[in-house]
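The values are calculated or read from the model by the stated rules, or taken from the named source; none is laboratory data. Every value quoted in this text rests on a predicted model; they were computed, and no experiment measured them. Glycine gets a Cβ as well: all are built from the backbone with ideal geometry, and neighbour counts include every protein chain shown. Remember, those area values only see protein heavy atoms, side chains included, never the ligands or the DNA or RNA. Shrake-Rupley method; radii C 1.70, N 1.55, O 1.52, S 1.80 Å.
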Amino acid sequence: MELSNPTQSNEAQPAKQIFILAGQSNMSGRGGVDKHKQWDGVVPPESSADASKIFRLGPNLHWEAAREPLHQEIDSKRTFGVGPGMSFANALKERVGVVGLVPCAVAGTAIKDWARGTTAYEGMVRRVKAAAAHGGGEIKAVLWYQGEKDTFTEEDANSYKENTERLIVNLREDLDLPSLPVAIASGRGYLEKVRDIQKGIDLPNVVCVDAMGLPLQEDNLHLTTEAHVQLGRMLADAYLTHFLT
């Protein structure tokens, strides 16, 4: 269904509960994308648009009505489909009101690609600050799904905990939000060491959502559309249970 006036002036929009979507391809969304990098265009009801309640920060740093694919034109070199962001927002909106999503994921990135000073990290900080400044609202949490890229070598796996905790600390410092909640999706197919690290991040206000068992596409890496929807709901449940006050 077409949305009228998907891009709205910042002044006309209500304050939002802002959520950062970051990590790599399973956060940016590969549901319905086939091996030929074509998206089938199927959007489940749980991921449907709601032009009055769910917004995204677009590539031009302005708020607009959100719809799948959320990361379209954000990570412009990739083909995107359904991700967890829209089902997360739909599951949350009746409890929190208007939801603002800030897509920042970059496909194929390792945790070291999110160190302070890197393109991915600095782009995320810039987008989040713009989201809050441009008629946004309050930054509520980070949804993080990343780790596949760090399972190829023992060196990367061994440094994953330190690098992930540093990322969280840096982001909280740079956004001046020392208690910013973080929900980490612990992915299926990861090296068990990385999965265990994700589940044992030793920082306050960090919760791990275990995505083990969610169905994968034929590549045995990317989640199916149904799995993305389910993960979005799981992240919403985790936020409501652990962080909503």
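Does Pro45 fit the bill of being surrounded by fewer than 22 Cβ atoms within 10 Å (Cβ to Cβ) and either hydrophobic (A, V, I, L, M, F, W, C) or at pLDDT below 95 (or both)?
Numbers: surrounded by fewer than 22 Cβ atoms within 10 Å (Cβ to Cβ): yes; either hydrophobic (A, V, I, L, M, F, W, C) or at pLDDT below 95 (or both): no.
No; evaluated as a whole, the condition is false for this residue.
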Failed condition for Arg78, given (1) open to solvent by less than 40 Å² (accessible area, probe 1.4 Å); (2) in contact with a His (Cβ under 9 Å, 6 or more places away or on another chain), with all others met?
-> (1)
Scan segment 217-239 and give yes if some residue there is closer than 26 Å to Arg126 by Cα, at pLDDT 85 or above and part of a strand (DSSP E or B), otherwise no.
-> no
Looking across segment 177-198 at residues that are in a helix (DSSP H, G or I) and open to solvent by 20 Å² or more (accessible area, probe 1.4 Å), the single one that is modelled with the highest pLDDT is Ile197
What are the pairs, 6+ residues apart or on separate chains, where a residue within segment 215-244 that is in contact (Cβ under 8 Å) with a residue 24 or more places away in the chain and over 23 Å from Gly100 (Cβ atoms) has its Cβ under 6 Å from a residue that is open to solvent by 30 Å² or more (accessible area, probe 1.4 Å) and assigned to a loop (DSSP other than H, G, I, E, B)?
-> Thr224/Pro215; Thr224/Gln217; Ala227/Pro215
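Could you run through segment 47-76 and say how many residues are among the charged types (D, E, K, R) and either under 17 Å from Val96 (Cβ atoms) or free of Cβ contacts under 8 Å to residues at least 12 places away in the same chain (or both)? Before the answer, list the steps.
Filtering segment 47-76 down to residues among the charged types (D, E, K, R) leaves 50, 53, 56, 64, 67-68, 73, 75.
Now restrict to residues that are either under 17 Å from Val96 (Cβ atoms) or free of Cβ contacts under 8 Å to residues at least 12 places away in the same chain (or both): 50, 53, 56.
Of the residues in that region, 3 qualify.
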Here are some conditions: (1) of a type in the set (Gly, Ala, Ser); (2) assigned to a helix (DSSP H, G or I); (3) open to solvent by 60 Å² or more (accessible area, probe 1.4 Å). Ser87 meets all but one. Which one does it not meet?
-> (3)
Given (1) modelled with pLDDT of 95 or more; (2) more than 26 Å from Leu92 (Cα to Cα); (3) crowded, with 17+ Cβ neighbours inside 10 Å, number of the condition Ala157 does not satisfy = (1)
Residues satisfying the stated conditions in segment 126-143, i.e. at pLDDT 95 or above and surrounded by 16 or more Cβ atoms within 10 Å (Cβ to Cβ) | Arg127, Val128, Lys129, Ala130, Ala131, Ile139, Lys140, Ala141, Val142, Leu143
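Being of a type in the set (Gly, Ala, Ser) and within 17 Å of the chain's Cα centre (by Cα) is the filter here; which residues of segment 209-227 pass it? Write out each step before concluding.
Residues of segment 209-227 that are of a type in the set (Gly, Ala, Ser), as a first pass: 211, 213, 227.
Result: Ala211, Ala227.
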Looking at (1) farther than 24 Å from Glu46 by Cα; (2) assigned to a helix (DSSP H, G or I), find the lone condition where Glu94 falls short.
-> (1)
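With Gly117, Gly108, Gly123 as the choices, which residue is surrounded by fewer than 19 Cβ atoms within 10 Å (Cβ to Cβ), assigned to a loop (DSSP other than H, G, I, E, B) and without any contact (Cβ under 8 Å) to a residue 24 or more places away in the chain? Please lay out each step first, then the result.
On the way: Gly108 fails: without any contact (Cβ under 8 Å) to a residue 24 or more places away in the chain; Gly123 fails: assigned to a loop (DSSP other than H, G, I, E, B).
Within the list Gly117, Gly108, Gly123, the selection yields Gly117.
Which one is nearest to Leu177 (Cα to Cα) among residues in segment 199-225 that are open to solvent by 60 Å² or more (accessible area, probe 1.4 Å) and among the aliphatic types (A, V, I, L, M)?
Filtering first and then ranking leaves Met212.
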Given (1) under 23 Å from Val207 (Cβ atoms); (2) free of Cβ contacts under 8 Å to residues at least 60 places away in the same chain; (3) not charged (D, E, K, R), Gly97 misses just (2)
